[in-house]
Amino acid sequence: SQELEQSPQSLIVQEGKNLTINCTSSKTLYGLYWYKQKYGEGLIFLMMLQKGGEEKSHEKITAKLDEKKQQSSLHITASQPSHAGIYLCGADSASGTYKYIFGTGTRLKVLA
Amino acid sequence: GAGVSQSPRYKVAKRGQDVALRCDPISGHVSLFWYQQALGQGPEFLTYFQNEAQLDKSGLPSDRFFAERPEGSVSTLKIQRTQQEDSAVYLCASSLMARTMESPLHFGNGTRLTVT
């Protein structure tokens, strides 16, 4: 079955620094979502990528899906304490199914 | 409210007790998912409903877990004879469309179940 692996598992950065989180799929992705989760809360949708090579930005967060559609990266520019949380990638486990899976998560801490 | 609502927020059960977790999805959302999230892990898929039909229950860990969505709106996840390994946060999510990659999932804040 398809798996989504994220790296790094955790990250501590100083405020103002840039950072990148990666999500790698064991199979071709038919689309990928990025979510953010704060402790004790549900997941908040950030952005969706569907086409190989697609790149989207929202405020200081940029996400890209590579051409082969097996890896996505999330980049945060000039990080702020408000960016702290757990970042999760999510995708259909296979085209035509209803099982929607998530990565292992990356825990981000931003030091003020 | 306009979001997905889950209740109770916290539930403590003694081993062997039955529990029922409720999810109120966003009105009009066709798809409804249940996930189990252990501490420090990503959410694990449990089951999927399209309106009232349960189209995928492959993630339910045992026959002690049962989910329903009888009128295509509110859903209940029931766990019978709870075990300590059932302790986790149970997340519910709904989506406007039937196919997952056509619209994002909207999550509730979850129910934290602790089995003692």
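Couple of notes before you dig in:
- Considering (1) in contact (Cβ under 8 Å) with a residue 60 or more places away in the chain; (2) within 16 Å of A:Q50 (Cα to Cα); (3) out of contact with any strand residue (DSSP E or B) (no Cβ under 9 Å at 6 or more places or on another chain), the lone condition that A:A78 does not fulfil carries the number (2).
- Counted residues, region A:64-103 - those being within 14 Å of chain B (Cβ to nearest Cβ), modelled with pLDDT of 90 or more and not in a strand (DSSP E or B): 1
- Output for region B:1-51, where each listed residue is assigned to a strand (DSSP E or B) and of a type in the set (A, V, I, L, M): B:V12, B:A13, B:V19, B:A20, B:L21, B:L32, B:L46
- Residue within region B:1-15 that is touching a strand residue (DSSP E or B) at 6+ places or on another chain (Cβ under 9 Å), without any contact (Cβ under 8 Å) to a residue 60 or more places away in the chain and either among the charged types (D, E, K, R) or within 9 Å of chain A (Cβ to nearest Cβ) (or both) present: no
- Checking the stated criteria, A:G53 turns out to be without any contact (Cβ under 8 Å) to a residue 24 or more places away in the chain, farther than 28 Å from B:Y48 by Cα and more than 14 Å from chain B (Cβ to nearest Cβ).
The values are calculated or read from the model by the stated rules, or taken from the named source; none is laboratory data. Everything quoted here is computed from the prediction, not taken from an experiment. Neighbour counts run over all protein chains shown; Cβ positions are idealised from the backbone, glycine included.
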